[in-house]
Amino acid sequence: MDHDALEDIRRLKYRYFRCLDTKDWDGFRDCFVPDATAQYGKRVSFTNRDDITQYMVDNLGPTMITLHHGHHPEIDVDGDAATGIWALEDTVIMTEYRQLLYGASFYEDRYVRGDDGAWRIAATSYVRTFESIQSLDDTPSFKLLANRWASEAEAEAEAAGHAGITPT
């Protein structure tokens, strides 16, 4: 068993989640090979890392606070190729829409080790186990006490004519 490869692939997937949640789009993009494919549920699919990344940039701006936890990896390595299955729990606070999304999925990934020795995602997909959404207006006690992107989100909302909607 190639323990170094297993650890490198775990770190790759952890970096994928961290870059997604911190909106580090260059770091996120670097998790993929150029011709990577992605299928996120039944909603969206992509055939290259630039389109995957641009979709996230366009849809997970400062009014979308995300938290992705990937765990219980099952990784199989075969030389410079590997597959992995990951459990996912995700939460999205949509400040602009005052909604909270919570869900769970199982990711199925393919990885390749490049000439530079780094592992990258060649294909990623998930199928939702469940997804729920609730209005924050239905939870009167909900108060967002911290928001890393509050100033960006407020500026975006103001430019769109919706100032004052983003909790800080």
Selection status of Arg98, basic (Lys, Arg), over 16 Å from the mean Cα position of the chain (by Cα) and modelled with pLDDT of 95 or more | no
Reported set for the stretch 146-161 where residues are within 24 Å of the chain's Cα centre (by Cα), surrounded by fewer than 13 Cβ atoms within 10 Å (Cβ to Cβ) and modelled with pLDDT under 85 is Ser151
Which one of Ser105, Ser141 is touching a Leu at 6+ places or on another chain (Cβ under 8 Å) and small (Gly, Ala, Ser)?
-> Ser105
Positions within the stretch 24-49 being assigned to a strand (DSSP E or B), touching a helix residue (DSSP H, G or I) at 6+ places or on another chain (Cβ under 9 Å) and surrounded by 15 or more Cβ atoms within 10 Å (Cβ to Cβ), in sequence order = Phe32, Val33, Ala36, Thr37, Ala38, Tyr40, Phe46
Residue tally, condition buried (at least 16 other Cβ atoms within 10 Å of the Cβ) and under 20 Å from the mean Cα position of the chain (by Cα), over the stretch 77-86 | 3
Residues satisfying the stated conditions in the stretch 89-121, i.e. of a type in the set (Phe, Trp, Tyr) and farther than 16 Å from His69 by Cβ | Tyr97, Tyr111, Trp119
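The values are calculated or read from the model by the stated rules, or taken from the named source; none is laboratory data. Please read all numbers here as calculations on a predicted model, not as lab measurements. Methodologically, a virtual Cβ is constructed for each residue, glycine included, from the backbone with ideal geometry; neighbour enumeration extends over all protein chains shown.
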